[in-house]
Amino acid sequence: MLKPKSLVWLAVLCGFAASPGVLADGTRARQNYLIYCMGCHGEKGEGFGEQVPSMRGSLARLAALRDGRSFLLRVPGVTQSSLDAELTAEVLNWTLLEFSEPEVLRSIPPITAAEVEQARSRPLLEISSLRARLLQGDKPDQESPGR
Ligand code: HEC
């Protein structure tokens, strides 16, 4: 049986999502990913050597953590993108769908334009060690990036 959260992603997949910026248009999201993100993240989210971590697997793990969700909204590639908040949320949801196992997504609410907007006023200053701590399951010791 489908749980409510998976219904949200089903709506996202089918392009029926009512809230703007979720994934109104999968083709547009893919194109925007290819134009604005692929240069660093690779066509399949595989990353680039040691400089850009792979999104495959870790993206959903981060999105499932409250502080991890805040982290992925506040990395420079997201806060400094020339895409508006709505299209950025759409691309992020597309990357989550493309680069994650469907069963992991069930516990993750889709990213909204409002969240992207809010994160833009709070870009991350310290990134790679925070990422490592989040993925190791440690509590970040700096001021909580979650709120
Ligand atoms: C100039 C290279 C560059 C571009 C362009 C870029 N990113 Fe990134 N991105 C990075 C790097 C490097 C990281 C790792 C964290 C850091 O050091 O900023 C990252 C991390 C991320 C993360 C966190 C995932 C994780 O596992 O750490 C997300 C989500 C993300 N980027 C999304 C995007 C999206 C969406 C776009 C396009 C709108 C984009 N990025 C464009 C370089 C880039």
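Quick note: the coordinates plus some simple rules give every number you see, no bench work behind them. In this text, all values refer to a predicted model and were calculated from it rather than measured experimentally. Methodologically, a virtual Cβ is constructed for each residue, glycine included, from the backbone with ideal geometry; neighbour enumeration extends over all protein chains shown.
Summary of values
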quantity	calculated
Residue satisfying all of: in region 49-70; more than 8 Å from the ligand (Cβ to nearest atom) and farther than 20 Å from residue 114 by Cβ; surrounded by the most Cβ atoms within 10 Å (Cβ to Cβ) among these	60
Count of region 71-86 residues which are outside any helix (DSSP H, G or I), in contact with a Pro (Cβ under 9 Å, 6 or more places away or on another chain) and either more than 8 Å from the ligand (Cβ to nearest atom) or under 18 Å from residue 109 (Cα atoms) (or both)	1
Exclusive hit being out of contact with any Ser or Thr (no Cβ under 6 Å at 6 or more places or on another chain), within 19 Å of residue 9 (Cβ to Cβ) and in contact (Cβ under 8 Å) with a residue 24 or more places away in the chain, set 97, 124	97
Pick from region 37-48, criterion under 11 Å from residue 95 (Cβ atoms) and outside any loop (DSSP other than H, G, I, E, B), ranking: nearest to the ligand (Cβ to nearest atom)	41
Residue check, residue 85 touching an Asp or Glu at 6+ places or on another chain (Cβ under 6 Å), within 28 Å of residue 26 (Cβ to Cβ) and surrounded by 14 or more Cβ atoms within 10 Å (Cβ to Cβ)	yes
Selection within region 88-128 - of a type in the set (A, V, I, L, M), farther than 18 Å from residue 25 by Cβ and within 10 Å of the ligand (Cβ to nearest atom)	124, 127
Subset of region 88-127 (residues that are assigned to a helix (DSSP H, G or I), buried (at least 18 other Cβ atoms within 10 Å of the Cβ) and of a type in the set (S, T, N, Q))	88, 93, 95
